[in-house]
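Below is one structure, written out as structure tokens; the observations come after it.
The values are calculated or read from the model by the stated rules, or taken from the named source; none is laboratory data. Bear in mind that the values here come from a model prediction, so they are computed numbers and not experimental data. Every residue, glycine as well, gets a Cβ built from its backbone with ideal geometry; the counts of neighbours run over all protein chains shown. Accessible surface areas use protein heavy atoms only, side chains included; no ligands, DNA or RNA. Shrake-Rupley method; radii C 1.70, N 1.55, O 1.52, S 1.80 Å.
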Amino acid sequence: MTVERHDGRCLCGAVRFVVTPPFTDAGCCHCKRCQIRTGRSSSYLVRAPRAAVTITDGEQELRTWRPPTGNPKWFCGQCGTHLFAGELDGDGELGLRPGTLDPMPDVHPRWHIWVSSMPAWDAVPDDGAPRYDGALPV
């Protein structure tokens with residue numbers, strides 16, 4: 001069964017969006033910035049073309065943090081749910097948090113980056129995806 005769309009939302013429901021597959025990539029980032037931002041030892045994301053994502057409600061609630069390097073991070077100003085990484089005004093790709101989507105995409109990680117930043121108590125799952133000590137090679 002092919003899913004034709006994924007309905008997305010933040011925890012409080014103030015921001016809602018729709019994603020039309022296919023997803024172009026997926027992976028896990030284990031960098032310190034993602035650890036602080038998410039409160040986890042890694043951050044899983046799926047990527048989709050910006051044109052495949054339509055914000056249907058609550059765009060005025062979106063807030064952004066623009067780090068000195070990397071993509072801007074978009075979150076709900078009401079509940080703080082992390083929603084997107086990337087430029088909302090661009091035509092590139094957006095990183096999306098799979099847990100915000102219904103149904104959750106069945107896209108397995110294709111890479112693990114910044115594994116050198118992982119806490120000693122954690123381990124990369126044995127999922128066959130390549131592991132990189134730093135950023136994803138270009």
Among CYS31, CYS76, CYS12, residue whose mean-square fluctuation peaks in a GNM of the chain (springs only between Cα atoms under 10 Å): CYS12
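Excluding the sites themselves, what is the longest stretch of the chain that contains no trypsin sites (Lys or Arg not before Pro) in a DSSP loop with at most 14 other C-beta atoms within 10 Å? Could the numbers behind the result be given before it?
Details: sites that count: ARG5, ARG40.
Counting at most 14 other Cβ atoms within 10 Å as exposed, the longest clean stretch of the chain is 41-138.
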Viscosity 0.692 mPa s, temperature 37 °C, Stokes-Einstein D of the chain from Kirkwood C-alpha radius, µm²/s: 212
Cα centre as origin, Lys/Arg/Asp/Glu Cβ charges: the stretch 1-51 dipole, Debye: 300
Rounded percent of accessible protein surface that carbon and sulfur make up, the chain, 1.4 Å probe: 52
Summed side-chain charge close to ARG66 - residues other than ARG66 whose Cβ falls under 15 Å, Lys, Arg +1, Asp, Glu -1: +2
Cα-based convex hull, the stretch 85-138, per residue volume (Å³, whole number): 133
Leading residue at positive end of dipole, the chain (Cβ point charges), from GLY128, MET104, ASN71: ASN71
